[in-house]
Structure formats: structure tokens, C-alpha cells
Amino acid sequence: VHLPRGLREGEMAEAGRPAKNPKLDREEEGGGDNNPKVDGEKEYGTNHREADEQAQAALEKIVSIQHEIDKLNEQASEEILHVEQKYNHLRKPHYLNRAQLAEQIPEFWYTTLSNHPAISEILNGDDEQALQYMDGLSVDEFEDVKSGFKINLYFRPNPYFENTVLSKEYVLDGSGNSTITGTEIKWKPDKDLTNRAPVEFKGRKRTMEEPTSVFCWFSDCNPNEPDELAEYIKDEIWPNPLQYFLQGEVSVDEGEEEDEEEEDEEEEDEEEDEEE
């Protein structure tokens, strides 16, 4: 079969050309620089920078918000301080009235302290004997409240010491440093409960290496150690001494309720016996 001359020449010319390489063709069309790996790295770097910028912007906003919160906290502290000062003044006449009435109750403050579960653990027999001469207690907070307070224990004449008032004061300065001072107790001869003398025990002398009297508390003025006794007195005893003074006591109302319950039970038993 004879093909037209023009067609044969065209096919032969096409057949003489080199075969096409798809990969090379794509590179030629794209300029030869279209590498998927390089493009991915560029895209990751761009996204990473955007994430960093977004995180930085969010952090700056959080810092700004925190400044506003701190301002509100400072304002709240000032307002709370004013409220505390106000109510401290309002409570004072009630405290004075309570103190006067407590003097009419024998051993009111001694009973209150000795009934406190934590304080009772640090009292020895001699301490209890001395504390029975206690006829008053007060906690005086300073005017600005935050700068400190003073605890006072009042005593009537007793065989142990000359002082009529034993105090411990806690002062906090603007830098947060605290200063603690306590009354020096003027012990009567041979009555110093904080300085135990050697005692005879089975033919040998035994000494107390560390004084255990609660009265050592007045000379223990280390601001770096927690003062649990002061916290018990200030935060638990002083606000409401009745909860400890009346510990174990049965109120009149409770007694009446118990009597009524017993009477009801007796009546029910009698009714059951009659039915039988």
C-alpha cells in the first residue's frame, strides 16, 4: 500500500524525534525548581512563624489581663481592710462586756484553754495549777489589722509570779518582717516553771533537758518558727470561747428534749403492755 508522500514524510519526521520524558517536561514547564520537599519546608517555616507570632500576641494579652486582675485584688484588699477595721470597732464593746461577765464565772478562761484539744496537750500539771489564777484574756489587733496584734493573759495574785499581765506581741513591718516580744515573767523563789530543777528518780538525778511549761511560750520569740499557740488563741479561743468552755456540758434545751423522748418511750411501752 502506498501512502501519500506528505503523510509518509511527516510520520518519518515524528519518528526521528527523541521520546518525551514526562518528568523532564514537568520540570521544563515549571522552570526546573518545583521540588515538593523544598516547598513543604517553606510552608512549615511560614506556619511555624505564624504560630509563634500568634502565641506571643496571646501572651501579651494575658499579661495585660493579669495586670487588671492584680489591680482588682489590691482594691479588694483595701476594701476588706476597711471592713475589718469597721467591725473591730463594733465588736470592742461586746468583748469588754463579755470580759466583765466572764470574771463572775470561776476559772472561765482556765477551763476554756484546758478544754481546747490542742492546748490541753501542751499543759502539764504545774501549768494547770498556775493557770487557775487567770482571770482574763484579750486579743488586741492593731489599728490597720495587717501590722500585728497583742495577746494578753491577766492574773490575780498567785504563788507563782509577780506579774498581773503576761503579754506577747506580734509586729509586722511593711517589708513582711515580723518582730515578736514577750513579757519577762517575774517568778517567785523556787516557782519558775520554765526552769525545772533536777529531781530524784530511783536513786539517780534526772533533769529535764527541754522545759515543757506553756509559760516558755512568752520567751520563745523566734519569728522563723510557726506559733501555733498564738493562732489557737487568736483565731479559735478569742472569737468564741463558749464553744470550749461548754465542751461536754448539756444545755437546758437538750436536757428537756432527752426527758421528753424518755417519757414518750415509756408511754409507748405502757400502751404495748396494755394491748398484750
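Listed values, structure above:
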item: Segment 88-205, accessible area per residue, ligands and nucleic acids excluded (1.4 Å, Å²); result: 61 Å²
item: Derived scalar couplings ³J(HN,Hα) [segment 46-63; Karplus, 6.51 cos²θ - 1.76 cosθ + 1.60; whole Hz; x for Gly, Pro]; result: 5, 5, 5, 5, 5, 5, 4, 5, 5, 5, 4, 5, 5, 4, 4, 5, 5, 4
item: HN-Hα J in Hz across segment 235-247 - Karplus 6.51, -1.76, 1.60, θ = phi - 60°, x for Gly and Pro; result: 9, 10, 6, 4, x, 8, x, 4, 5, 9, 4, 8, 4
item: Protection-proxy order for peptides 214-226, 122-134, each taking the mean of Cβ atoms within 10 Å per residue, highest first; result: 122-134, 214-226
item: Amide H within-cut-off set for D135, under 5 Å, with H built and near neighbours excluded; result: Y154, F155, R156
item: Euclidean distance of C-alpha centroids, segment 94-162 and segment 170-197, integer Å; result: 16 Å
item: Filtered GluC sites (Glu not before Pro), segment 138-173: DSSP coil and at most 15 other beta carbons within 10 Å; result: E143, E162
item: Above-threshold pairs, the threshold being 25 Å between Cα atoms, out of K86/K146; K92/K188; K71/K234; K191/K234; result: K92/K188; K71/K234; K191/K234
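The values are calculated or read from the model by the stated rules, or taken from the named source; none is laboratory data. Because the structure is predicted, anything quoted here is derived from the model rather than measured. Because the Cβ atoms are built from the backbone with ideal geometry, glycine has one as well, and the counts that use them run over all protein chains shown. Side chains included, ligands, DNA and RNA excluded: accessible areas come from the protein's heavy atoms. Shrake-Rupley method; radii C 1.70, N 1.55, O 1.52, S 1.80 Å.
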